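A quick write-up on the structure given underneath.
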Amino acid sequence: ADWKYAFEESLTEVQGVYATKFKEAVEANSDHTIQLFPYGTLGESADIMEQAQAGILQFVDQSPGFTGALIPEAQVFFVPYLLPTDQEHLARFYKESKAINEDFSELYAEQGLELLVMFPEGEVAMTTKEPVKSCADLNEVKFRVMTNPLLVESYKAFGATPTPLPWGEVYGGLQTNIIQGQENPTFFLYSTGIYEVTDHITYTGHNNFTTAVMANKDFYDSLSDADKKVIEDAAASAYDYIVEYQKGLAESELKKIKEAKPEMTVTVLSEEERACFKEAAAEVEAKFIEMTGESGKAILEQLKADLEATKG
Amino acid sequence: MALTIFLIMIVLLLLGFPMMIPLLVASFVGFLFMFGDIGKMDFMVQQIMAGIRPASLIAVPMFILAADIMTRGQSANRLIDMVMKFMGHVKGGLAVSTAAACTLFGAVSGSTQATVVAVGSPLRPRMLKAGYKDSFVLALIINASDIAFLIPPSIGMIIYGVISSTSISELFIAGIGPGLLLLVLFSAYSMVYAFINKVPTEPKASWAERGQAVRRAVWPLGFPVIIVGGIYGGIFSPTEAAAACVLYAVILEFIVFRSLNIPDIYRIAKSTGLITAVVFILIGAGAAFSWVISFAQVPQAILAAVGVADMGPKGVLAVISIAFFIGCMFVDPIVVILILVPIFAPVVKSVGLDPVLVGTIITLQVAIGSATPPFGCDIFTAIAIFKRPYIEVIRGIFPFTVMLLCVSVALIYFPQIALFLRDLAFR
Amino acid sequence: MDDLKENNPHDSSLPGFLGVIDSTISRVESVLLAAGVLLMALNTVANVVGRFVFQYSLFFSEELNRILIILITFAGISYAARQGRHIRMSAIYDALPPPARKGFMVLIAGVTAVVMFALCYFSIGYITKVATSGRVLPSLQLPVYWIFLWVPVGFFMTGLQYTLTAVKNLTGKDIYLSTRVLEGYDKDELEV
Ligand code: NA
Ligand code: NA
């Protein structure tokens, strides 16, 4: 059959690379074909999610940050310093985590979705107009965040003035100084040209961008066991590929940024410099539990246990 | 399927149905073809909602409101009087000033529809009074507003830059050359038009008269200050600048000039809402239609049939120009960029074209498309605002389309028009 | 603005009680339109003031504008149908003789009404989907389907206006663009 798969980024960005690998694997091992729909071609994140839930699309990639409006617990991935920055640890964690593969699987199933895989898209970096060495440097900085309550809470706790802005206005907003900072994974800073309108990149290690690939549940359940295996294997091989692909991705994209704009400063905060951000994280964690109650708390605990268990 | 729905659309359009109907019925039929029943048609509604969702669209009703307040009060007239005292004695002076005002306003506001409203509503009555034909006036306003796509900030270029991973700063600089070239061409045409049609000029004003006109326009000159200063000074986004203009217009007309009263603002707001609705439902219907086209992978099929992969760089550029030109005839420009750019990206790369040049050409086509019949958001806006029949609004557009197409061809053969400034700044 | 006084935009062509309902709906729509636009301006200005004066962005500003734009669009399409203001390309139509124009107008109004009623039905379906998914607006934390509630009403009222236009063309002797507008563009721009 001909299946359709939509995602939130362009074909050459991480979600697009994953989707391409997934498509190749499925098409190599079965008679099925997959058509890919990059960002915007069928609508925005919430639109393609609804289309996947209705079975118009068979596969969809949506980051838990956006899923928060549907599944509040998914916002757990915005709790700062929950996830480690060590890529190898992360790679093991997403694969083996009980919270993801059992608890979240169930939550997605309630929404008519079969969770196939969650994978990391890289450490989130802040880009700003002025250097950032501590929370104090974020004081009075209008920092663009996605319209997500927990993210707003995080930057409030970091001392910035969180400013929710649609992505389309971020570049112009930075250029005209309406905002003075924003956060995203390194590859995104390069591919979207955001580096052109900011002067400092800072790694505080507060988060790793996570994304999730799902199938429509009715569609998935109706498949033969052989087809299910094709999909599972494709998801797993694309996962291995994307983990490998991302090794050094941040470095290579950072190099491209430095070539295009040599005056860009890149700072990785030391443990001491991170102290105030880490303190702020506790507030955000409390806010998360307040918002999601017992079930959120349980998932948070399970995630922490899983992270401990997958430490190298 | 593609042929059927295009035919349905053209036929319904020509028969005089409200314009949302051809787009909606074509989408209905597309859904029927793809899913076999009406079970999935809820998603037409989803896409209509998606079409009117972008936050940047809010600038449109805001500028309509501000312009309406200015026009019915005194601000607009005082500004135009001032311009006329300086330009009135030149053949075609008013038309050239209109073209320049559209370019400047459009450049800053980033919205061509807002420009049609904000510059067009005060200047059109003035041009009619001066003896220009309405078809020329409407075409000039619509086309000069579209220069805004090319001069930064440009939403179209930002979106192109993001999905094609091209430097947005370079795109911005590359757009300036072709944008100014268009302004020069439009101005020249305006002067020729005024000369041939013997549009009368005003007697040359004395410096004392000019001084007085400037004094009368001091308060209204705050509008360009708010828009240009506010946006480039980092105080407002274009949408917010529009809202700030509303506030300033209210203060001027109600408190300073005392030319309007409270019932007036109610009526103006209502009329703004009506125009907004008439245009936005078309944007929504266009989004539903483009979803169908995108889902059915119609552009890919057409491109494969054309054999674009085997063409040289100039051939690819020509195909890109034509594809965007046709696409924007029917669908919102931003949506066309989102759908077509990823399809063309591999070809552009394989023939080694400069993505900045491609982006500039695409932006130009998008500008042409929004001002070219049968569909075009700026045509819709002009019809809704000026309450003129469709046929009259598009009657004078042809010469402008020819000038725009000349610039597109020139860009393909002389890319330096776009790249000169870019190379100066970045290479 | 003078013709406004002699020609009340809310006058209904319907007889008796139906006419009262019709003109009440027209009034409600026009209040929604005006209030929607003014609130949008207020909301946007307030956000700028908040950001600059108080260093505080209104988190719900964008979502509120989204709600308002839906309200304006869907109150507006029905009001525009009533006023005969929807954009159409009438070149061929205008060239036809009056009896053919009349027939065409009945067809156009009839088909448009059917499409609007169909969209009303589909929008109810869509709202049900969004409601059962439990999706909420990230900042306001309101259920997303709330912001769509006016959509089916707008489609339904628009369909009704076109139905009435078809009926009016069938029963009256003139050709009507809408229930209260005769065809043809006025020389002077008419006030709505
Ligand atoms: Na512009
Ligand atoms: Na067009």
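Structural remarks
- Residues of the stretch C:8-27 that are surrounded by 14 or more Cβ atoms within 10 Å (Cβ to Cβ) and either within 17 Å of C:A80 (Cβ to Cβ) or within 7 Å of another protein chain (Cβ to nearest Cβ) (or both): C:P9, C:H10, C:S12, C:S13, C:D22, C:S23, C:I25, C:S26.
- Those residues of the stretch B:3-22 which are open to solvent by 10 Å² or more (accessible area, probe 1.4 Å) and either in a helix (DSSP H, G or I) or touching a strand residue (DSSP E or B) at 6+ places or on another chain (Cβ under 6 Å) (or both), in sequence order: B:L3, B:T4, B:F6, B:L7, B:I8, B:I10, B:V11, B:L12, B:L14
- Residue pairs whose Cβ atoms lie under 7 Å apart, sitting 6 or more positions apart in sequence or on different chains, and linking a residue in the stretch B:358-376 that is away from chain C (no Cβ under 14 Å) and in contact (Cβ under 8 Å) with a residue 60 or more places away in the chain to a partner that is within 16 Å of ligand 1 (Cβ to nearest atom) and among the acidic types (D, E), are B:A367/B:D146; B:S370/B:D146; B:S370/B:D378; B:A371/B:D146; B:A371/B:D378.
- Scanning the stretch C:84-100 for residues that are at the interface with chain B (Cβ under 7 Å from one of its Cβ atoms) and not β-branched (V, I, T) yields C:R85, C:H86, C:R88, C:M89, C:S90, C:A91, C:Y93.
- When B:F325 is tested against (1) within 16 Å of ligand 2 (Cβ to nearest atom); (2) touching an Asp or Glu at 6+ places or on another chain (Cβ under 9 Å), just one condition goes unmet, and that condition is (2).
- The stretch B:23-45: number of residues that are facing another protein chain (nearest Cβ under 9 Å), open to solvent by less than 10 Å² (accessible area, probe 1.4 Å) and in contact with a helix residue (DSSP H, G or I) (Cβ under 6 Å, 6 or more places away or on another chain): 4
- On inspection, B:I226 fails the criterion of being within 16 Å of ligand 1 (Cβ to nearest atom), within 14 Å of another protein chain (Cβ to nearest Cβ) and in a helix (DSSP H, G or I).
- Subset of the stretch B:133-170 [under 13 Å from the mean Cα position of the chain (by Cα), more than 16 Å from ligand 2 (Cβ to nearest atom) and hydroxyl-bearing (S, T, Y)]: B:S154
- Just one residue in the set B:Y193, B:Y266 is open to solvent by 10 Å² or more (accessible area, probe 1.4 Å), under 28 Å from B:A107 (Cα atoms), in a helix (DSSP H, G or I) and among the hydroxyl-bearing types (S, T, Y); that residue is B:Y193.
- Count of residues meeting criterion [more than 16 Å from ligand 1 (Cβ to nearest atom), assigned to a helix (DSSP H, G or I) and of a type in the set (A, V, I, L, M, F, W, C)] in the stretch B:347-384: 11
- Positions within the stretch B:328-350 being more than 14 Å from ligand 2 (Cβ to nearest atom) and open to solvent by 30 Å² or more (accessible area, probe 1.4 Å), in sequence order: B:P342, B:I343, B:A345, B:P346, B:K349, B:S350
- In the stretch C:41-74, the residue that is least open to solvent (accessible area, probe 1.4 Å) out of those that are in a loop (DSSP other than H, G, I, E, B) and not aromatic (F, W, Y) is C:S57.
- Of all residues in the stretch B:127-158 being more than 13 Å from ligand 1 (Cβ to nearest atom), open to solvent by 10 Å² or more (accessible area, probe 1.4 Å) and assigned to a helix (DSSP H, G or I), the one that is farthest from the other protein chains (Cβ to nearest Cβ): B:A130
- Residues of the stretch B:387-406 that are open to solvent by less than 10 Å² (accessible area, probe 1.4 Å) and either more than 11 Å from ligand 2 (Cβ to nearest atom) or in contact with a Gly (Cβ under 8 Å, 6 or more places away or on another chain) (or both): B:Y390, B:V393, B:F400, B:L404.
- The condition (being aliphatic (A, V, I, L, M), more than 9 Å from chain C (Cβ to nearest Cβ) and buried (at least 24 other Cβ atoms within 10 Å of the Cβ)) is satisfied by just one residue among B:L94, B:L65: B:L94.
- Cross-chain or 6+ apart pairs with Cβ under 6 Å, the stretch B:377-398 first and under 18 Å from B:L274 (Cβ atoms) and of a type in the set (A, V, I, L, M), then outside any loop (DSSP other than H, G, I, E, B) and within 16 Å of ligand 1 (Cβ to nearest atom): B:A382/B:V116; B:A382/B:I142; B:I385/B:V117
- Residue match in the stretch B:306-315 (condition: closer than 28 Å to B:G36 by Cα, in contact with a helix residue (DSSP H, G or I) (Cβ under 6 Å, 6 or more places away or on another chain), away from ligand 1 (no atom under 16 Å from the Cβ) and in a helix (DSSP H, G or I)): no
- Residue check, C:K168 in contact (Cβ under 8 Å) with a residue 24 or more places away in the chain, in contact with a strand residue (DSSP E or B) (Cβ under 6 Å, 6 or more places away or on another chain) and more than 11 Å from every other protein chain (Cβ to nearest Cβ): yes
- The condition of being in contact with a Gly (Cβ under 9 Å, 6 or more places away or on another chain), among the charged types (D, E, K, R), within 14 Å of chain A (Cβ to nearest Cβ) and surrounded by 15 or more Cβ atoms within 10 Å (Cβ to Cβ) holds for B:E240.
- Test: residue in the stretch B:77-89 that is assigned to a helix (DSSP H, G or I), among the small types (G, A, S) and more than 16 Å from ligand 2 (Cβ to nearest atom): no
The values are calculated or read from the model by the stated rules, or taken from the named source; none is laboratory data. Just so you know, these numbers come straight off a predicted model, no measurement behind them. All Cβ positions, even for glycine, are placed from backbone atoms using ideal geometry, and neighbour counts span all protein chains on display. Ligands, DNA and RNA are stripped out before the accessible areas are found, and what is left, the full protein with its side chains, is counted by its heavy atoms. Shrake-Rupley method; radii C 1.70, N 1.55, O 1.52, S 1.80 Å.
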